[in-house]
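**Student:** Shown below is the structure under consideration.
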Amino acid sequence: MVDDLLKETERLIKERPLAGEVLTAFRDLAALMVGATPATKEAPVDEQLKDIKREEGFPLFARGDLPVDLDSATELLETFLTTLQTKERQDSEGLESALRVCQKDDSWSRNLLSMILKNDEDAIVRVAGDVNLEAQTLKFLAQMALTPSIQALRDLYLPHIDTDAWDYGYCPFCGSSPSISFFDKTGKRYMHCELCGLEWRFPRLRCPFCSNVDHKNMGYFDVENQEGFRVDFCRQCGRYIKAVDKRVFEQTGPMELENLATLHLDILAVKEGFK
Ligand SMILES: [Zn+2]
Ligand SMILES: [Zn+2]
């Protein structure tokens with residue numbers, strides 16, 4: 001799985017020179033994920049509870065309750081920090097102090113990983129400040145370290161999830177928000193989960209964040225010379241989501257890569273006042 005991701009990353013680095021730097025950074029971390037073999041154990045799923053959850057709009061798991069293998073993620077986070085702090089980076093001092101606390105006491109990593117799962121932004125900012133790192137950097141590294149465990153778990157539970165029949169703007173598996181969306185080759189719209197990467201079908205003309213369907217309050221903008229990419233926004237809740245139109249391309253990358261390769265669209269959307 002990671003091998004395919006690496007191949008795709010190499011291809012996109014060549015195709016999207018503007019996103020080369022961020023994709024190269026991703027590739028270097030993804031290469032360290034090759035050896036990660038998270039332990040996953042499927043707990044029996046209560047079919048009745050599962051049906052009730054689906055009917056009431058509850059995901060299979062709440063993010064904070066995902067039974068992920070924190071040991072494997074902790075180990076991977078240490079590997080990331082060990083590798084990155086030897087590179088010439090502006091934040092190498094911060095990376096070195098993060099590595100020191102991580103090696104001294106693995107409850108530091110476990111706490112950080114739990115904060116990511118609970119989506120506790122304030123706590124992440126505090127922990128990042130303590131080791132003198134940008135919160136965004138620490139969050140990215142911790143989330144990458146969790147990825148193999150979360151994806152293995154997601155794949156294990158996939159038979160219990162109907163991604164075509166989920167009518168909500170959050171992930172049916174882990175309840176997270178989508179990071180990016182896409183239109184498939186037949187024009188159907190899908191959301192891509194920011195945490196577990198699950199993709200689920202979603203109505204074309206509805207805001208995933210507030211369920212607004214009033215077209216007068218919605219719109220999109222795109223960038224000159226970049227056919228196939230756009231930003232859908234909603235004036236009712238002030239949120240935006242990027243979209244990739246697969247009909248325009250012969251081949252697109254996995255959505256986690258497309259999300260990274262389109263950071264300039266996030267910058268534009270924020271400039272336009274959306275969040
Ligand atoms: Zn998810
Ligand atoms: Zn909205």
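**Student:** Which of the following residues is closer than 27 Å to THR9 by Cα, of a type in the set (Asp, Glu) and in contact (Cβ under 8 Å) with a residue 40 or more places away in the chain: ASP245, ASP266, ASP222?
**Tutor:** Result: ASP245 is the single residue among ASP245, ASP266, ASP222 that is closer than 27 Å to THR9 by Cα, of a type in the set (Asp, Glu) and in contact (Cβ under 8 Å) with a residue 40 or more places away in the chain.
**Student:** State whether the residues of region 117-128 include one that is touching a Lys or Arg at 6+ places or on another chain (Cβ under 7 Å) and away from ligand 1 (no atom under 16 Å from the Cβ).
**Tutor:** Yes; the residues of region 117-128 include at least one that is touching a Lys or Arg at 6+ places or on another chain (Cβ under 7 Å) and away from ligand 1 (no atom under 16 Å from the Cβ).
**Student:** Something else now. Name the residues in region 249-275 that are of a type in the set (Val, Ile, Thr) and either buried (at least 20 other Cβ atoms within 10 Å of the Cβ) or closer than 12 Å to GLY228 by Cα (or both), would you?
**Tutor:** Of everything in region 249-275, those that are of a type in the set (Val, Ile, Thr) and either buried (at least 20 other Cβ atoms within 10 Å of the Cβ) or closer than 12 Å to GLY228 by Cα (or both) turn out to be THR252, THR262.
**Student:** While we're looking at this one, here's another question. If you take the residues in region 176-197 that are among the aliphatic types (A, V, I, L, M) and touching a helix residue (DSSP H, G or I) at 6+ places or on another chain (Cβ under 9 Å), which one is nearest to ligand 1 (Cβ to nearest atom)?
**Tutor:** Here the residue is LEU195.
**Student:** Also: Within region 181-217, count every residue that is within 16 Å of ligand 2 (Cβ to nearest atom) and of a type in the set (A, V, I, L, M, F, W, C).
**Tutor:** Adding up the residues that qualify gives 7.
**Student:** Still on this model: In region 115-143, what residues are farther than 23 Å from MET33 by Cα and of a type in the set (A, V, I, L, M, F, W, C)?
**Tutor:** Correct list: ALA123, VAL125, VAL127, VAL131.
**Student:** Which of the following residues is within 16 Å of ligand 1 (Cβ to nearest atom), in a loop (DSSP other than H, G, I, E, B) and in contact with a Pro (Cβ under 8 Å, 6 or more places away or on another chain): TRP200, TRP166?
**Tutor:** Within the list TRP200, TRP166, the selection yields TRP166.
**Student:** Considering only residues that are closer than 25 Å to LEU5 by Cβ, more than 16 Å from ligand 1 (Cβ to nearest atom) and among the acidic types (Asp, Glu), which ones fall in region 218-263?
**Tutor:** Once the filter is applied, which keeps residues that are closer than 25 Å to LEU5 by Cβ, more than 16 Å from ligand 1 (Cβ to nearest atom) and among the acidic types (Asp, Glu), region 218-263 yields ASP245, GLU250, GLU258.
**Student:** Among (1) surrounded by fewer than 21 Cβ atoms within 10 Å (Cβ to Cβ); (2) without any contact (Cβ under 8 Å) to a residue 40 or more places away in the chain; (3) more than 30 Å from ALA73 (Cα to Cα); (4) within 16 Å of ligand 2 (Cβ to nearest atom), where does TYR240 come up short?
**Tutor:** (1)
**Student:** Determine whether ASP232 is of a type in the set (Asp, Glu), surrounded by fewer than 19 Cβ atoms within 10 Å (Cβ to Cβ), within 16 Å of ligand 2 (Cβ to nearest atom) and modelled with pLDDT of 95 or more.
**Tutor:** No; evaluated as a whole, the condition is false for this residue.
**Student:** Hey, another quick one. For region 131-138, indicate whether the set of residues that are buried (at least 19 other Cβ atoms within 10 Å of the Cβ) and either within 16 Å of ligand 1 (Cβ to nearest atom) or in a loop (DSSP other than H, G, I, E, B) (or both) is non-empty.
**Tutor:** Checked against the condition, which is being buried (at least 19 other Cβ atoms within 10 Å of the Cβ) and either within 16 Å of ligand 1 (Cβ to nearest atom) or in a loop (DSSP other than H, G, I, E, B) (or both), region 131-138 yields at least one hit.
The values are calculated or read from the model by the stated rules, or taken from the named source; none is laboratory data. From a predicted model like this one, the values you see are computed outputs, not experimental measurements. Positions of Cβ are generated from backbone atoms using ideal geometry, with glycine treated the same way; all protein chains shown enter the neighbour counts.
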